[in-house]
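The structure appears right after this line, and notes come after that.
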Amino acid sequence: MQTFLDFETRIAELAGKIAELKSINDDDGSVSIADEVKQLEGKLSKSLAELYSNLEPWQKTQVARHPDRPHTQDYLDALITEFTPLAGDRKFAEDDAILGGLGRFEGEPVVVIGQEKGADTKSRLKHNFGMARPEGYRKAVRLMELAQRFGLPVLTLVDTAGAYPGIGAEERGQAEAIARSTDCCLGLGTPIISTIIGEGGSGGAVAIATANSVLMLENSIYSVISPEGAASILWHDSARASEAATAMRITAAHLKELGVIDTIVPEPVGGAHRGRDAAMQSVREAISTALMPFKHMSADEVRQQRREKFLAIGRTLAT
């Protein structure tokens, strides 16, 4: 059953009418309502296109969090062949919030790392809703060091509300693990291409998104804190999250303008969850394009490009 967001009332009404008419037509084959269904489907497509052509930041936040939106596992299945998952940080434990391993992207060997939220209650609990603990980031560092050893590009898929803030995670050095993962990204001699596929929340996202090229799906968000968190701090009222989302400039268009990301990846009309295959293809093409400039770069050139990219963000924000 399709899930509709708060601002999709008109879309939900039209979809409901279409489903009802199709049900009537199925029950009584003597009545043909094909023309009316076709007319309503046209209205639905037009309404969806109009609505999604001008979404507000808070509405994009809701789309980025949509439960049916493709997650890391979906992208692994669609884009990576011969994927071999690797587990554990070799220090404490396995963290299912971060998936990672070796595979092939368009025939070329790569290391892939991504945050997985889960698709249902059971898998969400298993993956801790995509909020990694220190061992998850230490696993990411282990995989990046493996990529360095064998000269493999690293592809990361970002989709997290943030790193897990639990007491146990803090006791095991959450901040230090995030910092080491970010530092590993910066020092890597092989290219890193990061794609924000849903939420890019705080240091939990930056830890695997400090990349040579940062791609961002059209209806994703990327921010230092969630809109609810920002509203709670600024106004002591999480209900003002919509206002915070607008002020924080967390959408792909805003971040491209600020130089924080490099490429906006288009989504099908109505969001990636309404056209998963098309979304996967768009991401495939964007990653392939982003990798091309680095194929003949030396390790030092890759590091220098990444360094200059992040220094340029500071200059952009200062002007």
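What follows draws every value from the coordinates through simple rules; no lab data is involved. What you see is a predicted model, and the numbers here were worked out from it, not measured in a lab. Ideal geometry is used to build each Cβ from the backbone, glycine not excepted, and the neighbour counts take in all protein chains shown.
Things to note:
- If R0 is taken as 41 Å, the Cβ-Cβ distance between residue 4 and residue 299 corresponds to a FRET efficiency of 0.25.
- Estimated FRET transfer efficiency (residue 91, residue 277; beta-carbon r; R0 35 Å; 0.05): 0.35
- Acute angle (nearest 10 degrees) that the helix 174-187 long axis makes with the longest principal axis of the chain, alpha-carbon atoms: 80
- Beta-bridge orientation, the chain: approximately 40 percent antiparallel, per DSSP, counting only bridges with both partners inside.
- Label-point gap, in nm, between residue 246 and residue 224 - each point 7 angstrom along Cα→Cβ: 2.1
- Over 22 Å between alpha carbons, listed pairs 91/309; 117/295; 60/256; 17/117; 60/117: 91/309; 117/295; 17/117
- Mean residue ellipticity at 222 nm, helices only, the chain: -16000 deg cm²/dmol; runs of at least 4 DSSP H residues each add -39,500 (n - 2.57), and the sum is divided by the number of residues.
- Candidate aspartates and glutamates - alpha carbon under 13 Å from residue 22, same-chain residues fewer than 8 apart omitted: 35, 36, 41
- Loop-resident sites, segment 6-114, for chymotrypsin sites (Phe, Trp or Tyr not before Pro), counting at most 16 other Cβ within 10 Å (DSSP): 7, 92
- Order of 137, 164 under a 10 Å beta carbon neighbour criterion, fewest first: 164, 137
- Sorting 182, 251, 289 from the fewest to the most surrounding beta carbons within 10 angstrom yields 289, 182, 251.
- Nearest-ten-degree value, helix 299-318 long axis tilted from longest Cα axis of the chain: 60
- Listing 84, 210 from fewest to most neighbouring C-beta atoms within 10 Å gives 84, 210.
- Computing FRET efficiency as 1/(1 + (r/R0)^6) for residue 38 and residue 253, where r is the C-beta to C-beta distance and R0 is 35 Å, gives about 0.55.
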